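Report on the following structure.
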Amino acid sequence: MIIVFKPDASEQDIEHVVDRLRSLGLKSQVTKGEERIVVGVIGDERVLQGQPLSVFPGVESVTPILAPWKIVSREFQKQDSVIDVGGVSVGGDRVVVMAGPCAVEKLEITVGIAKSVAQSGARILRGGAYKPRTSPYSFQGLGQEGLEFLAAARKETGLPVVSEILDARDVGYFLEHADVIQIGARNMQNFELLKEVGAYDKPVLLKRGLSATIKEFLLSAEYIMSRGNRNVMLCERGIRTFESQYRNTLDLTAIPALKELTHLPVIVDPSHATGKWNLVAPMAKAAVAAGADGLLIEVHSNPECALCDGEESLKPSRFHDLMCDLQKVARAVGRDL
Ligand code: PEP
Ligand code: MN
């Protein structure tokens, strides 16, 4: 539910309504716009039956949010959310490219890749320290040491880092070493993990589940935001379809559809969506053309020897060429890189 106050409503009018909501067990989020103050109500609104908030002094209108997701909805917040990731704005005018290896390997390799992607214009470093591998015999990641290597690469390059969490018990390491906590596709509906990362204000990159609908995706984001964390970014990374020629099917339609339904930034991962390095650049360009706020791209200095996802990783020179092309596409749609 959205409560809009009259332009001349006083602070006491707003406090009065917020107090009443609190006494009913409902949470409220006050947004002070240029002309109006708007209060979003979160919780089971059935407790409001017989309590017409529209009669409270200063209240102009009370409108229910019809979508099953509330805080993530465009109705709740009209303007785009801009998330501050260690000084980099995600969701603003500039398209933000996050790039780096699938898995963090040796320190020198990580720092080397970080330097090269920074030189090409990436503004956030990606790297997996904890890897959710399909086979238990595949490389599982360096764990805590990997997060420390990423933090060292951040120190060398100034790039904030994004890395995936698998276990809620590790959240302390992520709060210390990462700038964005990634929730991977396989954990999109790990509700306890969503609630855990929702309890902090550390930015979260939530990836769409392998077979998740837009509704399920947005409700997972709602889990995080309903716990208080406002810094959520959504990531379309391809969904599982009948097509087996490439790893997943990139759902480009999700980009404008999500931008309509939610104020949260939409990031696209063409690497996991395609699983093939030669398909990454065309899909990255298509994503920017379709309105993506950012990209997540795997880059490795030596893809042939990468411990994870070498087949979809771009070599630094190819990544550099892609960044030049992306700048042109971004400008064509009124944005910048
Ligand atoms: C990743 O980004 O490293 C990853 C494992 O992606 P996804 O969760 O989308 O499969
Ligand atoms: Mn990968």
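The values are calculated or read from the model by the stated rules, or taken from the named source; none is laboratory data. Being a predicted model, the structure only gives us computed values, none of them experimental. Backbone-built Cβ (ideal geometry, glycine too); neighbour counts: all protein chains shown.
From the list Gly127, Gly100, Gly91, Gly40, pick out the single residue that is within 18 Å of the chain's Cα centre (by Cα), buried (at least 18 other Cβ atoms within 10 Å of the Cβ) and free of Cβ contacts under 8 Å to residues at least 40 places away in the same chain.
So the residue among Gly127, Gly100, Gly91, Gly40 that is within 18 Å of the chain's Cα centre (by Cα), buried (at least 18 other Cβ atoms within 10 Å of the Cβ) and free of Cβ contacts under 8 Å to residues at least 40 places away in the same chain is Gly127.
What number of residues within segment 44-74 are over 25 Å from Ser23 (Cβ atoms) and charged (D, E, K, R)?
Residues in segment 44-74 being over 25 Å from Ser23 (Cβ atoms) and charged (D, E, K, R): 1 in total.
All but one of (1) buried (at least 16 other Cβ atoms within 10 Å of the Cβ); (2) farther than 25 Å from Ile42 by Cα; (3) within 16 Å of ligand 2 (Cβ to nearest atom) hold for Leu210; state the number of the condition that does not hold.
The single condition Leu210 does not satisfy is (1).
Can you tell which of Arg123, Arg94 is farther than 16 Å from Ala151 by Cα, assigned by TED's automatic domain parsing to the domain that holds Ser301 and either among the hydroxyl-bearing types (Ser, Thr, Tyr) or away from ligand 2 (no atom under 16 Å from the Cβ) (or both)? Even if it seems obvious, please write down each step before you answer.
Details: Arg123 fails: farther than 16 Å from Ala151 by Cα.
Result: Arg94 is the single residue among Arg123, Arg94 that is farther than 16 Å from Ala151 by Cα, assigned by TED's automatic domain parsing to the domain that holds Ser301 and either among the hydroxyl-bearing types (Ser, Thr, Tyr) or away from ligand 2 (no atom under 16 Å from the Cβ) (or both).
Only one residue in Glu304, Glu298, Glu222 is within 16 Å of ligand 2 (Cβ to nearest atom), touching a Phe, Trp or Tyr at 6+ places or on another chain (Cβ under 9 Å) and either of a type outside the set (Val, Ile, Thr) or over 19 Å from Gln182 (Cα atoms) (or both), so which one is that?
Being within 16 Å of ligand 2 (Cβ to nearest atom), touching a Phe, Trp or Tyr at 6+ places or on another chain (Cβ under 9 Å) and either of a type outside the set (Val, Ile, Thr) or over 19 Å from Gln182 (Cα atoms) (or both) holds for just one of Glu304, Glu298, Glu222, which is Glu298.
State all residues of segment 1-37 that are assigned to a loop (DSSP other than H, G, I, E, B) and touching a residue at least 60 places away in the same chain (Cβ under 8 Å); if no residue qualifies, say none.
Met1, the sole residue that qualifies.
For segment 313-320, does any single residue satisfy the condition of being modelled with pLDDT of 95 or more, near ligand 2 (Cβ under 10 Å from one of its atoms) and in a loop (DSSP other than H, G, I, E, B)?
yes
Using the structure shown, decide if Thr262 is free of Cβ contacts under 8 Å to residues at least 60 places away in the same chain and either within 16 Å of ligand 1 (Cβ to nearest atom) or more than 15 Å from Val299 (Cβ to Cβ) (or both).
no
For segment 284-305, which residues satisfy the criterion of being surrounded by 21 or more Cβ atoms within 10 Å (Cβ to Cβ) and either assigned to a loop (DSSP other than H, G, I, E, B) or within 16 Å of ligand 1 (Cβ to nearest atom) (or both)? So that I can check it myself, show each step before the final result.
We begin by selecting, within segment 284-305, every residue surrounded by 21 or more Cβ atoms within 10 Å (Cβ to Cβ); these are 284, 287-288, 292-300.
Once the filter is applied, which keeps residues that are surrounded by 21 or more Cβ atoms within 10 Å (Cβ to Cβ) and either assigned to a loop (DSSP other than H, G, I, E, B) or within 16 Å of ligand 1 (Cβ to nearest atom) (or both), segment 284-305 yields Ala284, Ala287, Ala292, Asp293, Gly294, Leu295, Leu296, Ile297, Glu298, Val299, His300.
Would you mind stating whether Ser220 is more than 16 Å from the chain's Cα centre (by Cα) and either at pLDDT below 95 or of a type in the set (Ser, Thr, Tyr) (or both)?
no
Could you check, for segment 59-75, whether at least one of its residues is more than 30 Å from Leu205 (Cα to Cα) and of a type in the set (A, V, I, L, M, F, W, C)?
yes
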